[in-house]
Amino acid sequence: MNHMQHLTEDELVAHAYAEDETESVQQHLERCAECATAYAAVRSDLDEMEFAAVPMRDELHGKRVWESIADRLPEYEAPKRRWFPGRMPGGLWGGLAVGACAGLLVFGFVAGRLWERKQGQPAQTIAGNPVQQKPPVAHPQERVVVVVLSDHLDRTERLLMELKHADTGNAETVSPLRDEARTLLVANRICRKNTKQDDDPDLAAALDRLDPLLAALASQPASLDSAGIARLQEEMNSDRLLFEVRVLRSRQAASTAQKKDGRI
Amino acid sequence: MSGMDKSDHAAIRAVLSGDKKAYEALVVRHTARLFRVAFRITGNEADAEDVVQETFLQAYRKLDGFEQRSDFGTWIYRIAVHCALKNIGGSRLDESSRVAEQSNPELDEIQVADRVAGPDRLLLSSEIGTMQAFAMHSLTPVERAAFVLRHVEDCSCEEIGTALQIAPNAAKQAVFRAVHKLRLRLAVLRMKV
């Protein structure tokens, strides 16, 4: 900026207001008398521009303003209470949502299990037996075993018949007997339990006597010889048991037929 | 954040929660500053009072959009400037009393409405304040507001631009034009006196 290129009024005003403060303007003013005079005039005019003093207001001015507008202000509605703070990071919301879903799944699973246990069928049932009318209490962890008394008596009769005529010299015939005895031992205990509850003394007594025989047979080694079988037959009085089982079977068949007739 | 800001923000939260009375604290706290700038822009007590009331009414209606990170004093100050600008821009009173803008002040006689103050009265008056008041009427509302904010309120051009909702450079140009006009008017008035 040289002497020939004088400062404009806007530049002088800007300099006076400290806008666009540049060293070149100040240097020019120091060297250029004409611009310095013009700048002094600008400063003088600006300094003279004094505005009328703002009218005084007392301390209650603000209060009066409030009273003049208070009636015109509608009341904001209080925000509805939220379950959780409104301003949370989006990630936290997502985490909470996932957690809530997971919680619901766990709750649903547990509730379903409990409902199943409560509503589920008895774990052990003896079909065709009056005992079955009472809902047996089954432990939830037990296997569900449905035992039909008539079937149990049939199978027991067959086992006792095979035991009576067992070929003691052939191990292959003994092993199936032992396996069948093990299965029948479990079924027999279920039957005993339910029969006692139903107060059928004849059936209960027969099943009680059958239990040691089945237990002994189930615990026999695979190499059961003729002497061992004879001992079992003698000790357990298997012939008498066979007779009792046959009687019970007949009675059970008659009872079932009677029920069918009654229903018809 | 200053203590006043915290106090302002607490009052705003209370208002938005349904406690209208909490707004009173904000009105009492900021009235003096708003009245001052309103009076300087309008140049009239009654208009300044109207501007202050309108400012608080507008601010209340916009309160739910107020950013809690902002300074309430700055925010409502801008609203007040805008209301004052609207006041002087929409006032038809100016048409009868202001110096005609289209005239060339360097060549023409000063045109002032007789009812308010005629040239004869001005000639009799040596009070610079009276001359300035009439000189101010030669400015457009934006120039007048920009000049007041820069010259009296010591606002930067950026702040003026924000308050007047114009670009900072436009605000600066408005200040330059205002100063130019005022200097010319005052020079002529001085010659008359």
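Two decimals is fine: what's Rg over Rh for segment B:1-52, C-alpha atoms, Kirkwood radius as Rh? My calculation of the ratio gives 1.11. Using r as the Cβ-Cβ distance of B:ASN169 and B:THR74, and R0 as 25 Å, what FRET efficiency do you calculate, to the nearest 0.05? That pair, B:ASN169 with B:THR74, gives E of 0.75. For B:ALA133 and A:MET56, a Förster radius of 22 Å and the Cβ-Cβ distance give a FRET efficiency of 0.70, rounded to the nearest 0.05.
Take the residue pairs B:LYS6/B:LYS62; A:LYS63/B:LYS20; B:LYS21/B:LYS86; B:LYS6/B:LYS86; B:LYS20/B:LYS62; A:LYS164/A:LYS193 and return only those whose Cα atoms are more than 21 Å apart.
Details: B:LYS6/B:LYS62 19 Å; A:LYS63/B:LYS20 14 Å; B:LYS21/B:LYS86 28 Å; B:LYS6/B:LYS86 31 Å; B:LYS20/B:LYS62 14 Å; A:LYS164/A:LYS193 27 Å.
In this structure, B:LYS21/B:LYS86; B:LYS6/B:LYS86; A:LYS164/A:LYS193 lie more than 21 Å apart at Cα.
The length gained on full extension between A:ALA205 and A:GLU9, counted as 0.36 nm times the residue separation minus their Cα-Cα distance, comes to 57.7 nm.
With a Förster radius of 45 Å applied to the beta-carbon distance between A:ARG182 and A:GLU77, the computed FRET efficiency rounds to 0.05. Projecting the alpha carbon convex hull of segment A:13-74 along each direction and taking the average yields 7.8 nm². In sequence order, segment B:159-169 has phi-based couplings of 5, 5, x, 5, 5, 8, 6, 10, 5, x, 5 Hz under the Karplus curve 6.51 cos²θ - 1.76 cosθ + 1.60, θ = phi - 60°, and Gly or Pro positions carry x.
Give me the number: length gained by fully extending A:VAL98 to A:GLU67, i.e. 0.36 nm times residue separation minus the C-alpha to C-alpha distance, one decimal in nm. If you can, show how the numbers build up before the last one.
Details: separation 31, 0.36 × 31 = 11.16 nm, distance 5.15 nm.
My answer for the length gained is 6.0 nm.
Read-outs: derived from the displayed coordinates by stated rules, not from any lab. Computed from a prediction, not measured in an experiment: that's the story for all the values here. Positions of Cβ are generated from backbone atoms using ideal geometry, with glycine treated the same way; all protein chains shown enter the neighbour counts.
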